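The values are calculated or read from the model by the stated rules, or taken from the named source; none is laboratory data. This one's a predicted model, so the numbers in the text were calculated from it and none came from an experiment. For neighbour counting, all protein chains shown are included, and Cβ atoms are generated from backbone atoms with ideal geometry for every residue, glycine included. Note: areas computed on protein heavy atoms with side chains; ligands, DNA, RNA excluded. Shrake-Rupley method; radii C 1.70, N 1.55, O 1.52, S 1.80 Å.
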Amino acid sequence: MVGGKDRGQRKVTPDEDGFLCGGAPARAPGIDTATERTIMSHVIIGTAGHIDHGKTALIEALTGIDTDTLPEEQARGVTIDIGFAYWKDNVTIIDVPGHERFVKNMVTGVCTVDLALFVVAADDGAMPQTREHLGILNLLGVRRGIVALTKVDLVEEEWVCLVMEDLEDLFEGTFLEGAPMVAVSSTTGQGIDELRSLLEAEVARVEERPDRGIFRLSVDRVFSVRGFGTVVTGTVLSGQVGPGDRVVLLPADRPLRVRGVQIHGRDEEGAAVGDRAALNLADVEVEEVERGDILAQPGYFSSTYMIDARLYLLSDAPVSLKNRTRVHLHLGPREVLARVVLLEAEELPPGEAQLVQFRLESPGVAARGDRFVIRRYSPVQTLGGGIVLDPQPMKHGRFREEVLQTLRGLEQDDPTRVLALRLKTAGFRPRSTQALASEMGMASAELKKRLQALLDGGHAVTYRQAGQDFYMDASTWEDLLKRIQDALAAFHSGHPLRAGIRRDELRLQVDGGPPPEVYEQGIEHLLQMGALKADGPLLSTADHRIRLTPEQDGLRASIRGLIQEGKTAPPDLQELSSKVADDPEAVRAVVAAMQTMGDLVRLEESLLFDPDVLAGVERELVGYLKTHGRIEVSAFRDLVGTTRKYAVPLLNYFDNRGVTVRAGDVRVLK
């Protein structure tokens with residue numbers, strides 16, 4: 001970077017992935033850069049090895065670039081921070097420190113490599129950081145590597161052979177077992193051409209990175225450029241990005257805009273998965289971004305304080321891991337302190353694995369399938385690492401079999417089966433497309449294809465609400481429908497004289513307490529299927545009928561006779577209770593049933609009328625109004641032969657039915 005400032009870290013040069021002068025060409029956001037770029041997929045080579053084994057000198061011999069640019073590095077001859085060299089248009093070499101004090105910087109450098117250049121000095125052989133770096137590369141899932149035995153000009157040929165034999169034993173069972181091994185000297189040039197040819201051959205064999213389709217980049221450097229502002233660099237972990245795109249900075253959850261993109265110092269219309277890219281950002285100061293931050297497509301990722309994972313402890317880890325041990329957790333370039341909650345046993349011995357939950361002390365950002373490394377809190381030593389299973393879990397209790405079964409299910413390689421499991425474990429909490437895409441770390445288009453496969457197979461159901469599609473596990477949905485029907489049947493059994501129950505009351509009686517939105521979807525589905533029926537605000541099963549006992553049927557006949565006998569001045573509820581039974585509650589229950597069955601009409605809380613009497617009163621009222629045009633309360637009272645106690649409620653009843661309308665103190669036909 002010409003004139004760049006790197007926040008007190010490494011001085012940025014035009015040979016690195018800095019942002020050089022010159023504007024980036026404009027493009028429409030979301031353009032498919034993979035079809036525009038003519039170079040092959042980007043490959044990142046990362047060095048590893050003990051301090052002073054010649055990693056930096058070897059890179060300079062291969063590329064002509066000295067990656068030690070910090071004054072302190074040049075003065076001490078020791079790599080402190082990660083450095084970068086561009087070997088070819090599509091190949092970046094990352095140089096990492098070998099000193100034990102800077103292993104965290106080493107993890108930053110190798111967390112995104114495709115090919116390891118593992119360096120061992122012939123005069124030393126395997127040393128502590130040789131083994132530690134090998135363990136870290138294994139934990140991070142690096143699959144391919146080349147071993148460079150350096151400084152062979154300082155030892156005899158027989159010694160070189162002995163060191164190679166020792167290394168073959170060391171690499172047994174690791175990704176470097178059977179890897180090409182070449183003896184080199186950065187001083188004399190011995191083996192450099194052979195190593196260069198091996199690297200070219202291995203680069204051609206590197207498998208293309210899987211792409212989830214959602215842009216994500218881990219920031220490993222941040223600096224400012226005069227005239228451009230804030231620039232960050234990192235490897236595109238998935239998706240693509242270009243000038244004009246909107247991104248979010250995590251864990252700060254801050255929306256930003258990408259001004260420009262450079263790769264190898266050239267303006268590009270976009271960067272795709274695997275690219276080492278420099279992004280010029282708008283709307284943010286250099287002090288507001290730091291190593292380990294994530295730039296991502298909005299709406300898919302969020303910060304977390306808990307992570308579920310499978311943790312592997314190195315076979316040569318210095319100690320067993322006990323529950324709630326405090327560790328340094330490395331999530332790509334980001335380092336956070338965390339407690340390890342062991343979910344399966346009281347202790348994790350070296351060489352073994354266990355399901356765990358990390359409780360983070362500061363926010364982290366991760367996606368399912370991400371690799372991580374943990375180091376001992378003090379003294380700082382690499383202990384192990386593993387794979388993120390759930391980046392946004394609930395807080396778990398230990399030794400819970402249902403939790404362990406779910407996490408084991410999340411270890412499956414088939415994303416569709418993992419998606420089905422997520423719907424299953426969500427229970428009565430329907431998941432939107434956006435929520436599932438975030439949980440799965442999967443682009444919406446790919447997610448919808450897999451959801452459709454679950455729908456077609458009868459493993460999921462969907463409904464639309466508020467403009468969004470929601471999904472549930474099919475068996476959970478059927479269970480919800482059964483619970484609603486069971487709750488309603490139980491209500492009818494306990495209240496045989498009631499026509500039904502209000503929706504909100506029924507939800508409180510459904511086992512499991514489903515959320516209102518999914519409960520309403522279940523009710524509507526059952527109504528459409530004819531399993532339920534609705535009478536106003538009341539719900540009942542489709543076959544529900546009020547059934548009176550012989551005693552209740554006798555009470556019904558008595559009540560009906562008294563109401564019919566009273567005509568337009570029938571006994572109220574209290575009077576009925578005193579005349580027909582000693583139990584007022586029994587009378588109220590039968591009256592409610594009679595109202596449902598159409599035997600009577602309730603005008604107010606306690607006024608009950610025979611339906612035929614009301615029909616006769618209505619005919620008299622309409623006839624009177626057609627002749628006279630209006631009627632007062634007193635005239636109505638005399639017309640139907642009742643008292644004021646009943647006259648006003650009767651007129652209000654006809655108002656509510658739309659027969660009459662009140663005009664001051666009189667009624668007229670509506």
Task: Convex hull of Cα atoms in region 417-472, direction-averaged projection (nm²) - done: 3.5
TODO: Place the peptides 560-572, 52-64 in order of packing, highest mean first, counting for every residue the other Cβ atoms within 10 Å and averaging per peptide.
DONE: 52-64, 560-572
Open item on the list: Residue by residue through region 653-664, what is 3J(HN,Hα) from phi via Karplus (6.51 cos²θ - 1.76 cosθ + 1.60, θ = phi - 60°)? Round to whole Hz and write x for glycine and proline.
Closed with: 4, 5, 4, 5, 7, x, 7, 10, 9, 7, 10, x
Task: Sum of -39500 (n - 2.57) over DSSP H runs of 4+, divided by residues of the chain (222 nm, nearest 500) - done: -10500 deg cm²/dmol
Open item on the list: Give me the extension gain from Arg545 to Thr416: residue separation times 0.36 nm, minus the current Cα-Cα distance, reported in nm with one decimal.
Closed with: 41.9 nm
TODO: Find out how many positive minus negative residues lie around Gly427, taking Lys and Arg as positive, Asp and Glu as negative, among other residues whose Cβ is under 10 Å from that of Gly427.
DONE: 0
Task: Heavy atoms of Lys448 accessible to a 1.4 Å probe, total area in Å² rounded to 10 - done: 110
TODO: For Gln465, list long-range residues whose amide hydrogen, built 1.01 Å from N in the peptide plane, is under 5 Å from its own amide hydrogen.
DONE: Phe470
Task: Long-range HN-HN contacts of Ala443 with modeled amide H, under 5 Å - done: Ile214
TODO: Mind computing the radius of gyration and Dmax over the alpha-carbon atoms of the chain? Å is fine for both.
DONE: 38.4, 130
Task: ³J(HN,Hα) computed for each position of region 522-529 - Karplus, 6.51 cos²θ - 1.76 cosθ + 1.60, integer Hz, glycine/proline x - done: x, 4, 4, 5, 5, 5, 5, 7
TODO: Give the peptides 124-133, 162-171 in descending order of average Cβ contacts within 10 Å, highest first.
DONE: 124-133, 162-171
- [ ] Determine which aspartates and glutamates satisfy two conditions relative to Lys151: a Cα distance under 12 Å, and not lying fewer than 8 residues away in the same chain.
- [x] Asp52, Asp123, Asp124
Open item on the list: Suppose each label sits 7 Å from its Cα in the direction of the beta carbon; what would the Asn656-Arg266 distance come out to in nanometres?
Closed with: 8.1
Open item on the list: Between Leu508 and Arg143, what's the calculated FRET efficiency when r is the beta-carbon distance and R0 is 56 Å? Round to 0.05.
Closed with: 0.50
- [ ] Report the accessible area of Ser320, computed with a 1.4 Å probe over the heavy atoms of all protein chains in place, in Å² rounded to the nearest 10.
- [x] 40
TODO: Subtracting the Cα-Cα distance from 0.36 nm times the residue separation, let me have the gained length for Phe399 to Glu524 in nm, one decimal.
DONE: 41.0 nm
Task: Local electrostatic count at Arg560 - Lys and Arg +1, Asp and Glu -1, tallied over other residues with Cβ under 12 Å - done: -4
Task: Table column - 3J(HN,Hα) (Hz), region 277-294, Karplus curve with 6.51, -1.76, 1.60, x for Gly and Pro - done: 10, 10, 10, 8, 9, 9, 6, 8, 8, 4, 5, 9, 10, 9, 4, x, 5, 10
Task: Solvent-accessible area per residue, Å², over the chain with all protein chains present [probe radius 1.4 Å] - done: 44
TODO: Please work out whether region 487-636 counts as rounded, prolate or oblate from its C-alpha gyration tensor, where a ≥ b ≥ c are the square roots of the eigenvalues and a/c under 1.5 means rounded, while otherwise a/b larger than b/c means prolate and anything else oblate?
DONE: oblate
Task: Burial ranking of peptide ranges 602-611, 645-654, 261-270, 449-458 (average Cβ count within 10 Å, highest at the top) - done: 261-270, 645-654, 602-611, 449-458
TODO: Please report the orientation-averaged projected area of region 151-300, defined via the convex hull of its C-alpha atoms, in nm².
DONE: 12.6
Task: Projected label distance in nm at Leu669 and Asp583, using a 7 Å step from Cα toward the beta-carbon - done: 4.9
